[in-house]
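Undergrad: Right, I'll just put the structure down here and ask away after.
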Amino acid sequence: MILTHHIKRKMSQRGINKNMINIVSLYGKHQRDKIFMNRQRIKLLLKKVDFYRRTQRGKKRDKNVLKNLNNLRKHILKIEDKGGITLVMVDGISITTYNTNSFKRKVRKYRK
């Protein structure tokens with residue numbers, strides 16, 4: 001994934017890191033040039049990660065698997081705190097990113 005200077009600047013302004021971008025690009029919903037991860041998709045992903053963590057706990061497996069799942073869960077919770085993340089990509093080049101709920105504004109009605 002190629003990151004432009006614009007997305008690097010916006011990521012630092014909005015508190016988004018590369019791990020969050022990777023999670024959104026892998027598990028997010030694609031709509032034209034946008035890939036977004038809203039609260040509904042985050043809840044589904046958290047359920048899957050938690051289920052897999054529970055199944056791995058009882059087994060004598062590699063501890064790195066559990067550590068990676070915990071790390072993934074931590075980044076998913078950060079995305080949830082932001083209300084979701086939207087990523088704009090064109091031909092594999094990431095252009096910009098923003099919080100999903102940042103453009104929901106109340107429409108002001110004017111009185112006559």
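The values are calculated or read from the model by the stated rules, or taken from the named source; none is laboratory data. Since the structure is predicted, the reported quantities are computational estimates derived from the model, not experimental observations. Cβ sites come from the backbone with ideal geometry, for glycine too, and all protein chains shown count toward neighbours. Surface areas here come from the heavy atoms of the whole protein model, side chains and all, with no ligands, DNA or RNA. Shrake-Rupley method; radii C 1.70, N 1.55, O 1.52, S 1.80 Å.
Undergrad: Relative contact order for the stretch 15-80: what percent, with Cα pairs under 8 Å and sequence separation of 6 or more?
TA: Normalised by residue count, the contact order of the stretch 15-80 is 36 percent.
Undergrad: Let me ask something else. Take the residue pairs Lys10/Lys34; Lys18/Lys74; Lys10/Lys47; Lys18/Lys47; Lys18/Lys82; Lys47/Lys78 and return only those whose Cα atoms are more than 18 Å apart.
TA: The pairs that break the limit, which is 18 Å between Cα atoms, are Lys10/Lys47; Lys18/Lys47.
Undergrad: Pull up the DSSP beta bridges for the chain and report the antiparallel fraction as a percent, rounded to 5.
TA: 85
Undergrad: Another question, if that's okay. So what's the angle, to the nearest 10 degrees on a 0 to 90 scale, between helix 5-14 and the longest Cα principal axis of the chain?
TA: With both axes taken from Cα atoms, the answer is about 80 degrees.
Undergrad: Give the carbon-plus-sulfur fraction of the accessible surface of the stretch 26-65 in %, rounded to a whole number; probe 1.4 Å, heavy atoms of protein chains only.
TA: 49
Undergrad: What list of ³J(HN,Hα) couplings, whole Hz, do you get for the stretch 64-80 from phi and the Karplus terms 6.51, -1.76, 1.60, once you set θ to phi - 60° and write x for glycine and proline?
TA: 5, 5, 5, 5, 5, 5, 5, 5, 4, 4, 4, 6, 5, 5, 5, 5, 5
Undergrad: Counting only residues 5 or more places away or on other chains, whose amide H sits under 5 Å from the amide H of Thr96 once H atoms are built in the peptide plane?
TA: Residues meeting the amide H criterion: Val88.
Undergrad: Let me ask something else. Measure off 7 Å from each Cα along the Cα-to-Cβ vector at Asp50 and Asn71, then give the distance between these two points in nanometres to one decimal.
TA: Using points 7 Å along Cα→Cβ, the separation is 2.3 nm.
Undergrad: Still on this model: Using just the helices of the chain, give the 222 nm mean residue ellipticity in deg cm²/dmol: DSSP H runs with n ≥ 4 each add -39,500 (n - 2.57), and the total is spread over all residues, rounded to 500.
TA: Estimated from H runs of four or more residues: -17000 deg cm²/dmol.
Undergrad: On to the next question. For log10 I(q)/I(0) by the Debye sum over Cα atoms at q = 0.12, 0.16 Å⁻¹, several values are listed as (i) -0.40, -0.75; (ii) -0.63, -0.83; (iii) -0.49, -0.77; flag the one computed from this structure.
TA: It is the one labelled (iii).
Undergrad: Also: Please state the relative contact order of the chain as a whole percent: Cα pairs under 8 Å, 6+ residues apart?
TA: Once divided by the residue count of the chain, the mean separation gives 38 percent.
Undergrad: Let me ask another. State in Å² the accessible area per residue of the stretch 4-75; use a 1.4 Å probe, count heavy atoms of protein chains only, and round to the nearest integer.
TA: For the stretch 4-75, the solvent-accessible area averages 76 Å² per residue.
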